[in-house]
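Taking it in order: structure first as structure tokens, then the write-up.
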Amino acid sequence: MTGKGTVYNNYRWVVEWHTPNSALISTVTNVLYTGRTKYQDVEIAINEDMGKMLILDGKLQSAERDEFIYHEMLVHPALITHGNPESVLVIGGGEGGTLREILRYGSVKEVVMVDIDGEVVEACKRYLPEVHRGSFDDPRARMVIADGRKFVEEAGKKFDAIVVDVTDPTEDGPSRFLYTIEFYRAAASKLTEGGVLVTQATSTFYNLDAFSLIVNTMDKVFPHVRGYQASIPSFISDWGFSLGSMAMDPAGISGDEASTRARRLGIGGLRYYEARRHPHYFWLPPYVREALDDETGISMDESPAAIF
Ligand code: SAM
């Protein structure tokens with residue numbers, strides 16, 4: 001088996017390389033979609049344990065069984081920190097799971113979702129209804145097919161929250177300029193007062209260097225930045241997120257306050273994020289904290305954060 005990961009043996013296996021030395025092998029009972037778009041290889045396949053899986057360029061993006069952990073933890077710490085989000089920009093987010101979580105907020109009037117790859121979005125609309133649950137049809141949602149970096153730089157309006165749900169920063173992938181200081185500066189200038197930006201920030205185990213680089217880079221732009229993580233079984237790892245805020249320190253919001261906000265905003269029935277635990281999510285284990293404390297690097301367009 002060679003390459004970063006693809007479907008082998010008449011679609012009986014999916015091999016996902018985490019590093020050049022470790023890979024996860026999953027059996028596949030059914031391949032729903034396979035193709036090559038202008039930007040990436042796309043597979044949607046079923047594994048008996050994890051359900052439907054979206055795989056881009058050999059990397060698992062989400063699995064039906066535990067996507068709620070990823071999508072809830074990407075969206076809710078940020079929107080609860082904001083407290084009253086009305087306009088939200090999603091960059092990436094092809095499956096529609098991020099859109100679904102944002103649309104739970106009664107306060108939200110408009111979500112613009114900008115994904116570079118219309119073919120991925122169409123495949124997800126068709127084959128992953130369990131994930132998007134009709135979110136693309138919500139009248140508050142507007143889909144734009146474009147590069148997220150360009151969209152942000154040219155945006156004529158500001159947003160209360162920007163949620164960056166793009167593929168990992170790989171050397172030749174389409175998302176690498178969405179993890180740089182130039183991008184964060186452009187995005188911060190498109191946030192309203194009290195605005196927040198959250199991004200997925202790779203594995204805090206396999207890619208701790210990239211995680212700390214992303215958090216440190218955001219720290220140079222936003223008044224408050226907190227890294228946090230959640231364990232995601234299908235990623236075989238704790239997964240990192242980085243949250244930048246123009247006004248409130250995300251960790252300064254008590255569990256009681258977060259619960260009050262969640263009730264007011266109509267957020268209930270979640271399966272992973274608990275408002276009463278809100279500040280505790282930012283309490284990282286010592287080895288991750290140390291990596292953040294020691295980090296001095298900045299991800300820049302000329303040398304962006306990159307993982308295998
Ligand atoms: N959960 C994921 C993960 O852990 O990597 C991210 C999921 S989401 C499917 C990733 C999306 O980012 C894809 O639909 C892809 O097309 C989109 N994307 C990649 N580069 C982008 C860019 N430059 N602008 C907008 N969307 C982009």
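The values are calculated or read from the model by the stated rules, or taken from the named source; none is laboratory data. Everything quoted here is computed from the prediction, not taken from an experiment. When we count neighbours, we look across all protein chains shown, and the Cβ atoms used for this are built from the backbone with ideal geometry, even at glycine. Only protein heavy atoms, including side chains, enter the accessible area calculation; ligands, DNA and RNA are left aside. Shrake-Rupley method; radii C 1.70, N 1.55, O 1.52, S 1.80 Å.
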- prompt: residue 283 label point, 7 Å along Cα→Cβ, cut-off 12 Å on backbone N: hits in the stretch 241-266?
  reply: 255
- line: So the carbon and sulfur contribution to the accessible area of the stretch 50-124, 1.4 Å probe, in percent, is 46 percent
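Leaving ligands, DNA and RNA out of it, rank 52, 158 by accessible area with a 1.4 Å probe, largest first.
From most accessible down to least: 158, 52.
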statement: Residues whose modelled amide H sits under 5 Å from the amide H of residue 239, counting only those 5 or more places away in sequence or on another chain, are 204, 230, 231, 232
task: Just tell me which lysines come within less than 23 Å, Cα to Cα, of residue 190; anything on the same chain fewer than 8 places away is out.
output: 109, 150, 157, 158, 220
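Can you pull out the GluC sites (Glu not before Pro) in the stretch 264-308 whose DSSP state is coil and whose Cβ has at most 13 other Cβ atoms within 10 Å?
302
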- request: Count charges around residue 51 for me, please; just the other residues with Cβ under 15 Å from its Cβ, Lys/Arg as +1, Asp/Glu as -1.
  value: -4
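If you add up the charges near residue 82, with Lys and Arg at +1 and Asp and Glu at -1, over every other residue whose beta carbon is less than 12 angstrom from its beta carbon, what do you get?
Computed value for this residue: -2.
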message: Modelling each spin label as a point 7 Å along the Cα-to-Cβ direction, I'd like the residue 140/residue 231 distance in nm, to one decimal.
response: 3.3 nm
query: Counting DSSP beta bridges with both partners in the chain, what percentage is antiparallel, nearest 5?
result: 65 percent
statement: Ranked by GNM mean-square fluctuation in the chain (Cα springs under 10 Å), the top entry among 94, 83, 227 is 83
query: Relative to the compact globular guide of 2.2 N^0.38 Å, what is the alpha carbon radius of gyration of the chain, as a ratio?
result: 0.93
- prompt: Taking only protein heavy atoms and a 1.4 Å probe, what accessible area per residue, in Å², does the stretch 45-153 have with all protein chains in place?
  reply: 32 Å²
message: Quick one: 3J(HN,Hα) in Hz for the stretch 257-270, Karplus 6.51/-1.76/1.60 with θ = phi - 60°, rounded, Gly and Pro as x.
response: 5, 4, 5, 4, 4, 4, 5, 4, 8, x, 8, x, x, 7
query: Between residue 30 and residue 290, 0.36 nm times their residue separation minus their Cα-Cα distance comes to what?
result: 89.3 nm
